[in-house]
Structure formats: structure tokens, C-alpha cells
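Below is one structure, written out as C-alpha cells, with a few remarks after it.
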Amino acid sequence: MKVFIKLVATYREYLPPECKGKVEMDVAEGVTAVSILSSLGIPIEESVVLVDGRSPNPEETLYEGATVFAFPATAGG
């Protein structure tokens, strides 16, 4: 099934430059946002992750056409 991965800020470096921060991926049924992002090397514990604009349950499986959006969490001070 096809899903879209959109990465912003410093996370864009995890994708080839020609992707401009967004890529369409063909993935197996039952995959989660966390598993896809982890496979790209993205540090999940330091990330904000959304699926179609909402925070997913870590065990929630993706569906055809879902958009996974991730960016680094920042701490204020």
C-alpha cells in the first residue's frame, strides 16, 4: 500500500534532496508510523509524529494514502 512521509526542519536530511522533504512509499499492510520512521533512522523519542494531522497510538497501523508527518521536538528555555 502507498503512504506519504513528510519530514520538516532538520529531518529533511533523512530523505534524498530531490524529495524536498516528502516521499511516497510502498509499504506492507500492518506497518506503523513509528516503524517506518525508525527504519529511516529518525530518532522517534525526540520527535513529534502525526498521522493525517493527529497523534497516533504507537501501535496504530497505517492505511492506504495516510500521511506521516514528523519533525524534531524542541525544548524552550
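Residues satisfying the criterion are present in the range 4-14 (criterion: touching a Ser or Thr at 6+ places or on another chain (Cβ under 7 Å) and either farther than 15 Å from Ala73 by Cα or in a strand (DSSP E or B) (or both)). Condition (residue is at positive phi and touching a Pro at 6+ places or on another chain (Cβ under 9 Å)) applied to the range 1-14: is it met by at least one residue? Yes. Give the residue that is modelled with the lowest pLDDT, with candidates limited to residues of the range 49-77 that are of a type in the set (A, V, I, L, M) and exposed (fewer than 14 other Cβ atoms within 10 Å of the Cβ). Looking at residues that are of a type in the set (A, V, I, L, M) and exposed (fewer than 14 other Cβ atoms within 10 Å of the Cβ), I get Ala75. Restricting the search to the range 44-77, which residues are assigned to a loop (DSSP other than H, G, I, E, B), closer than 14 Å to Val8 by Cα and touching a residue at least 24 places away in the same chain (Cβ under 8 Å)? Ala73 - this is the single residue of the range 44-77 that is assigned to a loop (DSSP other than H, G, I, E, B), closer than 14 Å to Val8 by Cα and touching a residue at least 24 places away in the same chain (Cβ under 8 Å).
All of (1) under 16 Å from Pro72 (Cα atoms); (2) out of contact with any helix residue (DSSP H, G or I) (no Cβ under 7 Å at 6 or more places or on another chain); (3) surrounded by 14 or more Cβ atoms within 10 Å (Cβ to Cβ) hold for Ser35 with one exception: (1).
On the basis of being touching a residue at least 60 places away in the same chain (Cβ under 8 Å) and within 11 Å of Ile5 (Cα to Cα), does Gly21 make the cut? So Gly21 does not fit the description; no.
The values are calculated or read from the model by the stated rules, or taken from the named source; none is laboratory data. This one's a predicted model, so the numbers in the text were calculated from it and none came from an experiment. Note that each Cβ is placed from the backbone with ideal geometry, even for glycine, and that neighbours are counted across all protein chains shown.
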